[in-house]
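Encoded as C-alpha coordinates, the structure appears first; notes follow it.
The values are calculated or read from the model by the stated rules, or taken from the named source; none is laboratory data. Predicted model, so just to flag it, every value in this text is computed and none were measured. Please note: Cβ atoms are built from the backbone with ideal geometry, for glycine as well, and neighbour counts cover all protein chains shown. These area figures cover heavy atoms from the full protein model, side chains too; ligands, DNA and RNA do not enter into them. Shrake-Rupley method; radii C 1.70, N 1.55, O 1.52, S 1.80 Å.
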Amino acid sequence: MKTLFQTFLVVAVASVASVTGDAADRLPPPVSATFVSKHEGKPPMKFIRAALVLTNRTKTPLWFVLPYNCDQPPGLNKPVRIPEGFEPTWIPADGFNTGEYYKAESGSKGKVIRITVLNVTDDKGFRLFRLPPGGRVEFESYEFQMWSDYVRSFKVWTADEIKVNGKETLENWLPYQTLSDARTFVPAKTQADNLNWDTKTSANRTDFRKEPVSQLDLKITGTWEIPLENFK
(Lines give C-alpha, C1' and ligand atoms only; values in the text may rest on other atoms or scores of the structure.)
Protein backbone atom coordinates (compact mmCIF):
# COMPACT_ATOMS: atom_id res chain seq x y z
CA MET A 1 0.00 0.00 0.00
CA LYS A 2 2.84 2.40 0.87
CA THR A 3 4.53 1.66 -2.46
CA LEU A 4 1.26 2.28 -4.31
CA PHE A 5 0.78 5.61 -2.53
CA GLN A 6 4.35 6.70 -3.36
CA THR A 7 3.78 5.82 -7.01
CA PHE A 8 0.54 7.82 -7.06
CA LEU A 9 2.29 10.80 -5.45
CA VAL A 10 5.08 10.78 -8.05
CA VAL A 11 2.55 10.65 -10.91
CA ALA A 12 0.50 13.46 -9.36
CA VAL A 13 3.53 15.73 -8.91
CA ALA A 14 4.66 15.03 -12.48
CA SER A 15 1.19 15.93 -13.77
CA VAL A 16 1.22 19.26 -11.90
CA ALA A 17 4.69 20.04 -13.25
CA SER A 18 3.51 19.22 -16.78
CA VAL A 19 0.50 21.52 -16.49
CA THR A 20 2.67 24.30 -15.08
CA GLY A 21 5.16 23.92 -17.92
CA ASP A 22 2.43 23.93 -20.59
CA ALA A 23 0.82 26.99 -19.00
CA ALA A 24 4.16 28.77 -19.00
CA ASP A 25 4.59 27.94 -22.69
CA ARG A 26 1.20 29.50 -23.42
CA LEU A 27 2.13 32.80 -21.84
CA PRO A 28 2.44 35.46 -24.57
CA PRO A 29 5.89 36.98 -25.24
CA PRO A 30 6.54 40.33 -23.53
CA VAL A 31 6.83 42.03 -26.94
CA SER A 32 4.54 42.25 -29.96
CA ALA A 33 4.98 43.99 -33.32
CA THR A 34 2.42 44.55 -36.07
CA PHE A 35 3.59 45.61 -39.52
CA VAL A 36 2.69 49.14 -40.62
CA SER A 37 4.89 49.95 -43.63
CA LYS A 38 8.28 49.43 -45.27
CA HIS A 39 10.61 51.52 -47.39
CA GLU A 40 14.13 51.48 -48.74
CA GLY A 41 16.92 53.87 -47.82
CA LYS A 42 20.32 54.28 -49.39
CA PRO A 43 21.16 50.78 -50.72
CA PRO A 44 21.35 48.31 -49.16
CA MET A 45 19.55 49.86 -46.16
CA LYS A 46 15.88 49.04 -45.58
CA PHE A 47 13.33 50.07 -42.96
CA ILE A 48 10.17 48.58 -41.51
CA ARG A 49 7.70 50.43 -39.32
CA ALA A 50 5.57 48.49 -36.87
CA ALA A 51 3.23 49.05 -33.96
CA LEU A 52 5.48 47.91 -31.11
CA VAL A 53 4.35 47.00 -27.58
CA LEU A 54 6.67 46.10 -24.67
CA THR A 55 5.11 44.72 -21.48
CA ASN A 56 6.85 44.03 -18.18
CA ARG A 57 4.79 41.37 -16.40
CA THR A 58 7.31 41.00 -13.57
CA LYS A 59 7.32 42.66 -10.15
CA THR A 60 10.69 44.40 -10.65
CA PRO A 61 12.12 46.82 -13.24
CA LEU A 62 13.16 45.03 -16.42
CA TRP A 63 15.44 45.89 -19.34
CA PHE A 64 14.25 45.07 -22.87
CA VAL A 65 17.01 44.55 -25.45
CA LEU A 66 16.28 44.96 -29.17
CA PRO A 67 18.80 44.66 -32.03
CA TYR A 68 19.99 47.88 -33.62
CA ASN A 69 19.81 46.17 -37.01
CA CYS A 70 17.11 43.49 -37.14
CA ASP A 71 19.10 41.31 -39.52
CA GLN A 72 22.26 41.57 -37.38
CA PRO A 73 21.22 40.67 -33.81
CA PRO A 74 23.87 40.74 -31.07
CA GLY A 75 25.00 37.52 -29.39
CA LEU A 76 24.87 38.75 -25.78
CA ASN A 77 26.28 35.41 -24.63
CA LYS A 78 29.18 37.07 -22.82
CA PRO A 79 30.03 40.53 -21.39
CA VAL A 80 29.75 43.22 -24.07
CA ARG A 81 33.17 44.78 -24.52
CA ILE A 82 33.56 48.48 -25.36
CA PRO A 83 36.57 49.64 -27.45
CA GLU A 84 39.31 51.75 -25.87
CA GLY A 85 38.85 55.50 -26.04
CA PHE A 86 35.23 55.30 -24.90
CA GLU A 87 33.29 58.57 -24.87
CA PRO A 88 30.01 58.84 -22.89
CA THR A 89 28.17 60.08 -25.96
CA TRP A 90 28.87 56.68 -27.55
CA ILE A 91 25.77 55.63 -25.61
CA PRO A 92 23.08 57.86 -27.17
CA ALA A 93 19.81 58.34 -25.32
CA ASP A 94 16.47 59.28 -26.87
CA GLY A 95 13.53 60.62 -24.91
CA PHE A 96 10.05 60.18 -26.37
CA ASN A 97 7.33 62.46 -24.97
CA THR A 98 9.92 64.01 -22.64
CA GLY A 99 9.35 67.57 -23.90
CA GLU A 100 13.02 68.56 -23.65
CA TYR A 101 13.12 70.04 -27.16
CA TYR A 102 10.04 68.79 -28.98
CA LYS A 103 6.49 69.21 -27.79
CA ALA A 104 4.61 65.98 -27.19
CA GLU A 105 2.26 65.03 -30.03
CA SER A 106 -1.48 64.97 -29.48
CA GLY A 107 -2.46 61.67 -27.91
CA SER A 108 0.93 61.12 -26.28
CA LYS A 109 0.98 59.40 -22.92
CA GLY A 110 3.90 58.93 -20.54
CA LYS A 111 7.63 59.18 -21.20
CA VAL A 112 9.80 56.57 -22.88
CA ILE A 113 13.61 56.40 -22.73
CA ARG A 114 15.60 54.50 -25.36
CA ILE A 115 19.34 53.88 -24.97
CA THR A 116 21.52 52.75 -27.88
CA VAL A 117 24.80 50.84 -27.56
CA LEU A 118 26.61 50.90 -30.91
CA ASN A 119 30.37 50.85 -30.32
CA VAL A 120 31.00 47.28 -29.21
CA THR A 121 33.83 44.81 -29.86
CA ASP A 122 33.13 41.41 -31.46
CA ASP A 123 29.35 41.85 -31.32
CA LYS A 124 26.51 43.90 -32.79
CA GLY A 125 24.78 47.05 -31.56
CA PHE A 126 21.53 47.03 -29.62
CA ARG A 127 18.88 49.26 -28.07
CA LEU A 128 17.61 49.27 -24.50
CA PHE A 129 14.30 50.14 -22.85
CA ARG A 130 13.81 49.90 -19.08
CA LEU A 131 10.25 49.37 -17.87
CA PRO A 132 8.88 49.55 -14.30
CA PRO A 133 6.99 46.61 -12.75
CA GLY A 134 3.78 46.09 -14.71
CA GLY A 135 4.87 48.76 -17.21
CA ARG A 136 3.68 48.97 -20.80
CA VAL A 137 5.33 50.93 -23.62
CA GLU A 138 3.49 51.31 -26.92
CA PHE A 139 4.82 52.86 -30.14
CA GLU A 140 2.25 53.56 -32.82
CA SER A 141 4.97 53.35 -35.49
CA TYR A 142 8.44 52.18 -34.41
CA GLU A 143 11.21 52.07 -37.03
CA PHE A 144 13.31 48.93 -37.47
CA GLN A 145 16.48 49.05 -39.56
CA MET A 146 18.17 46.31 -41.59
CA TRP A 147 21.02 46.02 -44.08
CA SER A 148 19.89 43.07 -46.19
CA ASP A 149 16.48 41.75 -47.22
CA TYR A 150 13.37 42.65 -45.25
CA VAL A 151 13.00 40.43 -42.20
CA ARG A 152 9.77 38.95 -40.88
CA SER A 153 10.88 38.63 -37.26
CA PHE A 154 13.48 39.94 -34.81
CA LYS A 155 15.08 38.84 -31.56
CA VAL A 156 14.31 40.35 -28.17
CA TRP A 157 15.98 39.76 -24.80
CA THR A 158 15.04 40.78 -21.27
CA ALA A 159 17.57 41.46 -18.51
CA ASP A 160 16.94 42.29 -14.89
CA GLU A 161 20.33 43.95 -14.51
CA ILE A 162 23.01 45.64 -16.60
CA LYS A 163 26.29 46.51 -14.90
CA VAL A 164 29.00 48.89 -16.09
CA ASN A 165 32.53 47.47 -15.77
CA GLY A 166 31.11 44.71 -13.57
CA LYS A 167 30.49 47.16 -10.72
CA GLU A 168 27.67 49.69 -10.98
CA THR A 169 24.26 49.34 -12.59
CA LEU A 170 23.78 51.19 -15.85
CA GLU A 171 20.82 53.19 -14.54
CA ASN A 172 23.02 54.57 -11.74
CA TRP A 173 26.00 55.22 -14.01
CA LEU A 174 24.05 57.35 -16.48
CA PRO A 175 23.21 60.95 -15.51
CA TYR A 176 19.61 60.85 -16.74
CA GLN A 177 16.51 58.87 -15.86
CA THR A 178 16.38 55.51 -17.65
CA LEU A 179 13.02 54.20 -16.43
CA SER A 180 10.07 54.74 -18.75
CA ASP A 181 6.68 55.61 -17.29
CA ALA A 182 4.28 52.82 -16.35
CA ARG A 183 1.76 53.56 -19.11
CA THR A 184 3.00 55.13 -22.32
CA PHE A 185 1.88 55.74 -25.88
CA VAL A 186 4.15 57.26 -28.53
CA PRO A 187 2.28 58.57 -31.61
CA ALA A 188 3.72 57.94 -35.06
CA LYS A 189 4.93 61.50 -35.66
CA THR A 190 6.74 61.87 -32.33
CA GLN A 191 10.26 63.30 -32.54
CA ALA A 192 12.78 62.05 -29.99
CA ASP A 193 14.74 64.36 -27.68
CA ASN A 194 18.52 63.88 -27.51
CA LEU A 195 19.15 63.37 -23.79
CA ASN A 196 22.92 63.66 -24.25
CA TRP A 197 22.52 67.28 -25.31
CA ASP A 198 22.43 70.19 -22.86
CA THR A 199 20.01 72.84 -24.10
CA LYS A 200 21.42 75.43 -21.68
CA THR A 201 24.91 75.29 -23.16
CA SER A 202 23.98 74.05 -26.66
CA ALA A 203 26.63 71.35 -26.31
CA ASN A 204 27.00 67.77 -25.11
CA ARG A 205 26.17 67.48 -21.43
CA THR A 206 29.19 67.29 -19.14
CA ASP A 207 27.78 65.50 -16.09
CA PHE A 208 28.77 62.00 -17.22
CA ARG A 209 31.04 59.85 -15.06
CA LYS A 210 34.72 60.30 -15.87
CA GLU A 211 35.43 56.58 -15.65
CA PRO A 212 35.64 55.02 -19.13
CA VAL A 213 33.38 52.06 -19.89
CA SER A 214 35.20 48.86 -20.81
CA GLN A 215 32.31 46.41 -20.70
CA LEU A 216 28.62 45.94 -20.01
CA ASP A 217 27.34 42.82 -18.24
CA LEU A 218 23.75 41.93 -19.08
CA LYS A 219 21.96 39.49 -16.79
CA ILE A 220 19.67 37.97 -19.41
CA THR A 221 16.39 36.48 -18.17
CA GLY A 222 14.72 35.53 -21.46
CA THR A 223 15.03 35.46 -25.26
CA TRP A 224 12.25 35.55 -27.85
CA GLU A 225 11.88 35.59 -31.62
CA ILE A 226 9.15 38.13 -32.30
CA PRO A 227 7.22 37.90 -35.60
CA LEU A 228 6.25 41.02 -37.52
CA GLU A 229 2.55 40.30 -37.67
CA ASN A 230 0.65 41.00 -40.91
CA PHE A 231 3.89 41.60 -42.80
CA LYS A 232 3.24 42.62 -46.41
Restricting to Cα pairs under 8 Å and 6 or more apart, the percent relative contact order of region 74-232 works out to 36 percent
Surface per residue (accessible, 1.4 Å probe) for region 81-232, Å²:
52 Å²
Within region 131-211, percent of DSSP bridges classed antiparallel, to nearest 5:
50 percent
Ranked output for segments 198-208, 116-126, 32-42, 58-68 by mean other Cβ atoms within 10 Å, highest leading, reads 58-68, 116-126, 32-42, 198-208
Under the Karplus relation with 6.51, -1.76 and 1.60 and θ = phi - 60°, whole-Hz ³J(HN,Hα) for region 34-47, x at Gly and Pro, equal 10, 4, 10, 7, 9, 7, 9, x, 5, x, x, 5, 9, 9
Scan around W197 for amide H atoms under 5 Å from its own, H built in the peptide plane at 1.01 Å from N, and keep only partners 5 or more places away or cross-chain.
R205
Estimated dipole of region 135-193 in Debye, rounded to 20 [Cβ of Lys and Arg +1, of Asp and Glu -1, Cα centre]:
120 debye
Along the dipole axis of the chain (charges at Cβ: +1 for Lys and Arg, -1 for Asp and Glu; origin at the Cα centre), the most positive-end residue among V112, V53, G99 is V53
Would you work out the charge dipole size for region 20-139 about its Cα centre, treating the Cβ of every Lys and Arg as +1 and the Cβ of every Asp and Glu as -1, and quote it to the nearest 20 debye?
340 debye
What are the ³J(HN,Hα) couplings of region 106-118, residue after residue, when phi is run through the Karplus curve with 6.51, -1.76, 1.60 and θ = phi - 60°? Round to Hz, x for glycine and proline.
4, x, 5, 8, x, 10, 10, 10, 10, 10, 10, 10, 10
Using alpha carbons only, how many angstrom separate the centre of region 88-124 from the centre of region 25-82?
14 Å
Name all residues of region 144-158 having a backbone nitrogen under 18 Å from the label point set 7 Å from the Cα of M45 along its Cα→Cβ direction, giving them as ranges.
144-151
Among F231, N172, N194, whose Cα lies farthest out toward the positive end of the dipole of region 166-232, if unit charges sit on the beta carbon of Lys, Arg (+1) and Asp, Glu (-1)?
N194
Computed ³J(HN,Hα) along region 93-99: with the Karplus parameters 6.51/-1.76/1.60, θ = phi - 60°, integer Hz and x for glycine or proline, the list is 10, 10, x, 9, 6, 7, x
Roughly how many debye, to the nearest 20, is the charge dipole of the chain about its Cα centre, given +1 on each Lys and Arg Cβ, -1 on each Asp and Glu Cβ, and no other charges?
380 debye
The chain - percent of accessible surface contributed by carbon and sulfur, probe 1.4 Å:
52 percent
Determine the sum of side-chain charges near T169: Lys and Arg each +1, Asp and Glu each -1, restricted to other residues whose C-beta is under 12 angstrom from that of T169.
-1
Compute the projected area of the convex hull of the Cα atoms of the chain, averaged over all viewing directions, and report it in nm² to one decimal place.
17.0 nm²
Surrounding net charge for F231, when Lys and Arg each add one and Asp and Glu each subtract one, Cβ distance under 11 Å:
+2
Report, by chain and number, residues whose modeled amide H sits under 5 Å from the one on T169, excluding near sequence neighbours (fewer than 5 apart, same chain).
V164
